[in-house]
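Report on the structure given below.
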Amino acid sequence: NEDIFDVVNAADEIIGRELRSLVHARGLRHRAVHVLVYNAAGQLFLQKRSMAKDNDPGLWDSSCSGHVDAGESYAVAAERELMEEIDLLVDEPMEELFKIEASVETGWEFAIIYRTESEGPFTLCPEEIDEGRWFSPKEIDDALAIEPEKYSPTFRLIWKRR
């Protein structure tokens, strides 16, 4: 039961559908979402990706992230990923921050970045996440300056644009 993704062109227009493994193997453009979950103190919840993940295992990443399934909207995918990865159900639509263009750094994913607020605690999906915790923006800035390789390439792009 492999996931099926919409394949898109350089303008993020759907041009077909393909199996996840083929999309990644062939470097086809597709869609993803990232959600940044902040608490009232202004800290950002980051997840450390499971070592079992095929992309960026063991790296720190957005609060949650994932692919947009075939026929699914970016917004619906973001809400689904929040539930699947950290068991967070949002009551209101999330704030759409910006969109990142598909590139080598993103694994040829167009990604829309969303923001929401929650105090947690979260129930982390063990297949997706090895660890999660709150970081202040300064902690993230300092860590990225010293050890950027501990963060996913896409998160590094997101953090620069935030």
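The values are calculated or read from the model by the stated rules, or taken from the named source; none is laboratory data. Because the structure is predicted, anything quoted here is derived from the model rather than measured. Ideal geometry is used to build each Cβ from the backbone, glycine not excepted, and the neighbour counts take in all protein chains shown. Protein only, heavy atoms only, side chains kept; ligands, DNA and RNA dropped before computing areas. Shrake-Rupley method; radii C 1.70, N 1.55, O 1.52, S 1.80 Å.
Determine if segment 124-135 includes at least one residue that is at pLDDT 95 or above, crowded, with 18+ Cβ neighbours inside 10 Å and closer than 24 Å to residue 21 by Cα.
yes
Answer yes if at least one residue in segment 30-40 is free of Cβ contacts under 8 Å to residues at least 60 places away in the same chain, at negative phi and not in a strand (DSSP E or B), and no otherwise.
For segment 30-40, residues free of Cβ contacts under 8 Å to residues at least 60 places away in the same chain, at negative phi and not in a strand (DSSP E or B): absent.
Residue 98 fails exactly one of the following numbered conditions: (1) closer than 19 Å to residue 53 by Cα; (2) among the hydrophobic types (A, V, I, L, M, F, W, C); (3) at pLDDT 95 or above; (4) loosely packed, with under 15 Cβ neighbours inside 10 Å. What is the number of that condition?
Single failed check for residue 98: (1).
Which of the residues belonging to segment 48-87 are surrounded by fewer than 16 Cβ atoms within 10 Å (Cβ to Cβ), in contact (Cβ under 8 Å) with a residue 12 or more places away in the chain and under 20 Å from residue 144 (Cα atoms)?
55, 58
So which residues in segment 104-119 are open to solvent by less than 30 Å² (accessible area, probe 1.4 Å) and at pLDDT below 95?
106 - this is the single residue of segment 104-119 that is open to solvent by less than 30 Å² (accessible area, probe 1.4 Å) and at pLDDT below 95.
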